[in-house]
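The values are calculated or read from the model by the stated rules, or taken from the named source; none is laboratory data. From a predicted model like this one, the values you see are computed outputs, not experimental measurements. Methodologically, a virtual Cβ is constructed for each residue, glycine included, from the backbone with ideal geometry; neighbour enumeration extends over all protein chains shown. Please note that ligands, DNA and RNA were not included when accessible areas were found on the heavy atoms of the full protein model with its side chains. Shrake-Rupley method; radii C 1.70, N 1.55, O 1.52, S 1.80 Å.
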Amino acid sequence: MLGLMQEQPLLISSLIEHAAETHADRQVVSRDAAGGIRSFGYRALASRARALAEALIALGVKPGDRVATLAWNDHRHMELYYAVSGIGAVIHTVNPRLFPQQIGFILNHAESCCLFFDPGFTALVTELAPGLTAISHFVEMADEAAVPLPDDPFVRQNYEHLLAGRTGAFAWPPLDDRAASGLCYTSGTTGDPKGVLYAHRSTVLHALSAGGPGGFNVTRDDVVLAVVPLFHVNAWGLPYVCALNGATLVLPGPRLDGASIYELMRSQSCTMAFGVPTVWMGLIDHVKNNPQLRPPDELKLRRVIIGGAAAPAALIDDLQDLLGCDVVLAWGMTELSPLGSIGRVPRKGELADEEARRRRLAKQGRAVFGVTMKIVDADGQALPRDGRAAGRLLVRGPWVTSGYFRHDAPLLDADGFFETGDIATIDPAGDLEITDRMKDVIKSGGEWISSIELEGVASSHPAVAEAAVIAMPHPKWQERPLLIARLREGRSASADDILAHMAPHIAKWWMPDDVVFVDDIPHTATGKIQKTKLRERFAGHQALQSGPN
Ligand code: AMP
C-alpha cells in the first residue's frame, strides 16, 4: 500500500524560493576583486536568478545543456547556480586553478554551450577560446560591458546587459528531480579529469542532511563565510544549505590571503567559516604576525569547518587557542557532493583525558545520515570497526555518484558501494579516520605507514609550518618514508631535531629515513599537497639512513 502524502519533486529552485519567502531579511554578501562589498537580500537574489533564467532561455539554453563558469565566489556565480539548474540545464563549474589544457579538455568533454567568466580570467579565456568547440556564448560577469579588443577571438556579452529589462517575474518550470543539475570534474591527479553529475534530488537531500544539526548545523543566526570555492564541489553545498536554513552567506571573491579573510570575517561578523587547511594556515600566520590583533574580541567566529585534506593537530590547536572558536572536521569528495562525515574536535580541558582528545584531532567524525560506509581489506572482505584495522573505504548513498559523466566503465561494487581511494579506520563509536590515500600510503616491509599521521606529528614541531611525507623506493623494504618540511619564517630546526621530536609519538619503523627542507610545498588546484610533484622532484633522493635501525 502506498502512503497518501503529496509527491513533490525535490527541486533546487524550491530552495531559493523558500529563502525569498521565508528569509528575505537574510543576505548574500559579495566582495569583488577591488574589495567592494555588495549585499542582496534573498528576495532580491531570487529575482535576479529568475531574470537570468529568462535570459538563458533567450540565449537558447535548453534542459540538459551544460553552462560553464570560470569564476570566484560572488553573487553572480550564486545566481548562476540557481538560474541554470532552475531551468533544467546543468551548471558546470570549472576550476580556474587547473592548467589551461585541462580546462580546455573539461569544457570540450562536457560540450558546455555557454561560458560565464570573471573579468580576471579574460586572458585565460582568450587563450582557450580558439580551441573550445562547443561554446556559442561567452558572458563576462562584470558591471559594465568591456570594450572589445580588435583581436578578440570571441564575442563577449555582458552579464548585467543580459539581465537588463527583465523583471524576474518568471515561474520555474516543473522538472523530474532525478534530472542533472550540476557538473564538477575531479582534479584528475591520475588520468584525465572525470565529471561528477549531480541531480536535483541528490543536491536537495545533501543540503538537508549537510546543513542540519547532524551536519554543519547552519541556522538563521549564522553568517557563513564560504572560502571553499563555488567552482569546486558546490562549495560543499553552502549555496543550498544557507538558502534552506536562512543563513547569511558571505562570498569572498578572489582575495583569499590571511589578511583579507580576517578583515572580511571581522567586518561581516561571520559566525562560521569553511575552508581547506591551507586557507586556515594563511589566516593563522596573519594572526601570529600581527600581535596587535585581538581575534576573540574582534571576531564573532564560533566555528571553523576544515575539510578537503587532513588538518594538522597544530593548526587545530591554533584555531581553537588564538581565535577562540570550535573546530569541526569534515571528510568528503567531489563524488559525494561532497559531505561524507563530520565531527567537532573537543577543546582543551573538555575531556578529562588530554591524550584521548589528541587522538580525536586526527579523526574526521561520523558519517552523516544518508552515507553508509564500509572498510574492506585487499580481497574485499569487511574489516572490523575497532579503530585499528585500516582498509579501503567504500561508501553508498543518495548523493554518492553512480558513474562518471560520459564514462561507461561500471563504478560500483556488487552492493552498490563506491570505492573512495582512501584508506581509513572506523572506531567502535563510528568515528572515521582517513589514514591515507591508496596512492600515497607507504608500503614498508609488507606493512602500511600512514603518510598523514607522519605529517601530523612532524608539523606539531614548533618550527615546522607544513610537512609532506612521500614514499622512496627501497631495495629491502620496498618503500620508506621521506619527510619534506617547510619551516616557519624566522625559525630553524635540523633534521635530527625534527626526528627526535617525532620519535616518542610513532613506532620506530615508521621513522622517516630522511628529512629535506624546502621553501615551498606545492598544492593542487583543490588545496591538497601535490605529492606527484614532490615524488618527481625527489625521485633520486639518497636518504641519510636506509631503513629502520
Ligand atoms: P576532492 O574530490 O578533490 O574533494 O578530494 C577528495 C579527497 O580529499 C578525499 O578522497 C580525501 O583523500 C581527501 N580529503 C577530503 N577531506 C579530508 C579530510 N578531512 N581529511 C583527510 N583527507 C580528506
Could you go through the range 468-475 in sequence order and give the Karplus-derived ³J(HN,Hα) for each residue, using 6.51 cos²θ - 1.76 cosθ + 1.60 with θ = phi - 60°, rounded to whole Hz, and x for Gly and Pro? 9, 10, 10, 8, 10, x, 9, x
Per residue accessible area in Å² of the range 105-174, where ligands, DNA and RNA are left out and the probe is 1.4 Å: 50
Computed over the range 442-537, protein heavy atoms only, probe 1.4 angstrom, the accessible area per residue in square angstrom equals 46
Filtered hits (lysines, Cα-Cα < 23 Å from Lys300, offset >= 8 within chain) -> Lys288, Lys348
Can you bin the range 442-537 into rounded, prolate or oblate? Criterion: square roots of the alpha carbon gyration tensor eigenvalues sorted a ≥ b ≥ c, rounded for a/c under 1.5, prolate for a/b above b/c, oblate for the rest. oblate
Specify the inter-centroid distance of the range 501-538 and the range 384-428, based on alpha-carbon positions, in whole Å. 26
The chain: antiparallel bridges as % of DSSP beta bridges, rounded to 5, reads 55
Extent along principal axes [Cα atoms of the range 254-390; Å; largest to smallest]: 56, 38, 24
Could you tell me which GluC sites (Glu not before Pro) in the range 279-384 are loop residues by DSSP with no more than 13 other beta carbons within 10 angstrom of their beta carbon? Glu350
Would you mind computing, in nm to one decimal, how far apart the modelled labels at Phe99 and Asp519 are, each placed 7 Å from Cα along Cα→Cβ? 2.3
Between the range 212-263 and the range 119-180, what is the C-alpha centre distance in whole Å? 25
Leaving ligands and nucleic acids out of the surface, order Val223, Val368 by accessible area at 1.4 Å, largest first. Val223, Val368
Where a ≥ b ≥ c are the square roots of the eigenvalues of the C-alpha gyration tensor, would you call the range 328-388 rounded, which needs a/c under 1.5, or, failing that, prolate if a/b is larger than b/c, or oblate? oblate
Using r as the Cβ-Cβ distance of Glu447 and Arg220, and R0 as 56 Å, what FRET efficiency do you calculate, to the nearest 0.05? 0.65
Provide the per-residue ³J(HN,Hα) series for the range 407-419, in order, calculated from phi with Karplus coefficients 6.51, -1.76, 1.60 and θ = phi - 60°, each as a whole number of Hz, with x at glycine and proline positions. 10, 7, 4, x, 10, 9, 7, 4, 9, x, 8, 9, 7
How do 411-422, 322-333 rank on mean C-beta neighbours within 10 Å, highest first? 322-333, 411-422
Nearest 10 degrees is fine. How inclined is helix 277-289 to the longest principal axis of the chain, computing both from alpha carbons? 80
Past the 28 angstrom mark, what percentage of all C-alpha to C-alpha distances in the range 1-152 do you count? 26
Return the sequence-ordered ³J(HN,Hα) values of the range 251-258 in whole Hz as given by the Karplus equation 6.51 cos²θ - 1.76 cosθ + 1.60 applied to θ = phi - 60°, using x for Gly and Pro. 10, x, x, x, 8, 10, 6, x
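When the Kirkwood hydrodynamic radius is evaluated over all pairs of different C-alpha atoms of the chain, what value in angstrom, to one decimal, is obtained?
After inverting the pairwise mean of 1/r, the radius is 24.5 Å.
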In the chain, what percent of the accessible surface is made up of carbon and sulfur (1.4 Å probe, ligands and nucleic acids excluded)? 53
For the chain, what does -39500 (n - 2.57) per DSSP helix run (n ≥ 4), summed and divided by total residues, give at 222 nm, in deg cm²/dmol to the nearest 500? -8000 deg cm²/dmol
